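Here's the structure, in structure tokens; my notes come after.
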Amino acid sequence: MLPVDNSILASTQTCDTQAALRYGLGLAVPEDSAPPVAGTAIHEAFAAWFKQAGDVAAAMAALDLHYRAWAEEHVPDPDDRLSWLNVSRVMQQWFDTHTLDRFPVRIAPAMVEVGFALPLDGNFVFVGRMDGLGQEERGAFAVVDHKSSYRLDDKWRRTHRTSAQMTGYT
């Protein structure tokens, strides 16, 4: 079975050659590395925040552990949007202004970073990991998924408009 995730699907939709180089051969240009590394670290920070009842110190410690050293080596310009200084400031601000009691769903610690694998046919399996599976006050479930690696601009809108990720989750 060949695992397929949203990143592979999005890359294939953009350019088959790009997808083959990145996901088939494991090759990428250096400037493509920072957004996924930052995104992974931010996901770890959110996971710590959700699992530890909104503990901002735990969230920021997770971000530090998963990103600071890498960013200081690979993104040395402090004015770069993915520099350690900028990412840590943005995340600190987010955690300072968002509290679990104001979050629209409740997420049990066991429902944070929920992985899944859905067979599509005899050769492929769609895999993914939700940031969280929350429950609304009225009992309905909701997928929580933070996007962090892109700027909110027209390119982001075009990229995510046709994204299979949320469709695959639901």
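The Cα trace of the stretch 36-94 gives Rg and Dmax of 10.8, 34 Å, the first to one decimal, the second as a whole number. Rounded to a whole number of µm²/s, how large is the Stokes-Einstein D of the stretch 1-127 at 25 °C and 0.890 mPa s, given Rh as the Kirkwood radius over C-alpha pairs? Estimated via Stokes-Einstein, D reaches 147 µm²/s. Nonpolar atom fraction for the stretch 1-116, defined as the carbon and sulfur part of the 1.4 Å probe accessible area, stands at 57 percent. Amide H to amide H, with H built 1.01 Å from N, residue 132 comes under 5 Å of 113, 114, 144, counting only residues 5 or more places away or on other chains. All Cα-Cα separations within the stretch 64-132 were binned at 10 Å from zero, giving a P(r) of 17, 26, 30, 22, 5, each value a whole percent of the pairs. What the phi angles of the stretch 39-55 give under the Karplus curve with 6.51, -1.76 and 1.60, with θ = phi - 60°, is a coupling list of x, 4, 5, 5, 4, 5, 5, 4, 4, 4, 5, 5, 6, 10, 6, x, 6 Hz, glycine and proline written as x. For residue 126, the residues whose amide H sits under 5 Å from its own are 4, 118, 120, ignoring neighbours fewer than 5 places away on the same chain, with H placed 1.01 Å from N.
The values are calculated or read from the model by the stated rules, or taken from the named source; none is laboratory data. What you are looking at is a predicted structure, and each value in this text was computed from that prediction instead of being measured. We work out accessible area using only protein heavy atoms, side chains counted, and drop any ligands, DNA or RNA first. Shrake-Rupley method; radii C 1.70, N 1.55, O 1.52, S 1.80 Å.
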